[in-house]
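Working notes, beginning with the structure itself.
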Amino acid sequence: MKTVFIVLGVIFALGLCLVGSCVFMFSRLLGPPAEAADAFIAKVAAGDLRGAYDSADQSLRAAMPYESFADAAKEIGLDKVTLAKWRSTNVRNSTADVSGSANTAGGEIAEIAMTLIKSDTWRVSQVSVNGRPLSGDVGSDAISKSVSSNEAKALALQTLLDWDAAIKANDFSAFYNKIADVLKQETTPSSLRESFKAFINAEADIAGIANVDPVLSLPPSINDAGWLTVKGHYPTTPMKVFFELAYIHERQDWRLVQINVRIAAN
């Protein structure tokens, strides 16, 4: 009987060890985005909001100064989070979404989600606690209000005319120099040229959009990743030019991070 108790005690202790290992290793199993999210939360839990802010992606830091970040973190309860347990990670190219539950200083359990962007490494670009985004009225909405439909149209027109020039020159070097750093990490002038090879071969020409007012599908808006999204079409004839563009605020300017162009009758 004594032997049985000893064996059971060893198994019980091993079980505790394995559970602890699972908690410790789970973020590793979910990959680098979850590990980066853990590092961000560790700074928050240590009371180092400034360190968390400085480690965040430039899209978050461009969207709000540190003082606004600290106020927003307190408003949504992020500053009370002590530990996050991630349930899932969804990676899409250079963007990742992680979600799970979080322990708070008050002993409560909160739902937490983060969006991260990979530049030099994975960095947090957005956080929500119990469905409340970090940016709130201070961050992304403030930028959204400062980008009017006319400004978004002008931004889209310049991007598309630059794209048109690259198509005609069969050279995306100049176009590449204007895109966001995070997109530069994923592509090259040559790969961009290859991506749009069908337009080059078809000798596409959309220069006529310069004299046509575009129709936006939705007002310009900031998504959870801090990206400004602009979607619509130019009612040119005989073919319309449809576009979906996304930008991040980088070095005091909106820079392209995503582009989709379609030329069709409707």
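Going through Ala52, Ala36 one at a time, which residue ends up being part of a helix (DSSP H, G or I), at pLDDT 60 or above, surrounded by 15 or more Cβ atoms within 10 Å (Cβ to Cβ) and in contact with a Lys or Arg (Cβ under 6 Å, 6 or more places away or on another chain)?
None of the others qualify; the one that does is Ala52.
Search the stretch 87-119 for residues being at pLDDT 85 or above and out of contact with any strand residue (DSSP E or B) (no Cβ under 7 Å at 6 or more places or on another chain), and hand back the single one that is surrounded by the most Cβ atoms within 10 Å (Cβ to Cβ).
Lys118
Given the structure, is Ser27 among the hydroxyl-bearing types (Ser, Thr, Tyr), assigned to a helix (DSSP H, G or I), farther than 16 Å from Gln126 by Cβ and at pLDDT below 85?
yes
Quick one: in the stretch 155-204, which of the residues that are touching a helix residue (DSSP H, G or I) at 6+ places or on another chain (Cβ under 8 Å) and basic (Lys, Arg) is surrounded by the most Cβ atoms within 10 Å (Cβ to Cβ)?
Arg193
Among the numbered conditions (1) in contact with a helix residue (DSSP H, G or I) (Cβ under 7 Å, 6 or more places away or on another chain); (2) over 27 Å from Ala180 (Cβ atoms), tell me where Ala63 comes up short.
(2)
Take Ala42 and tell me if it is at pLDDT 90 or above, outside any strand (DSSP E or B) and surrounded by fewer than 17 Cβ atoms within 10 Å (Cβ to Cβ).
yes
The values are calculated or read from the model by the stated rules, or taken from the named source; none is laboratory data. All figures in this text were calculated on a predicted structure; none of them were measured in a lab. For neighbour counting, all protein chains shown are included, and Cβ atoms are generated from backbone atoms with ideal geometry for every residue, glycine included.
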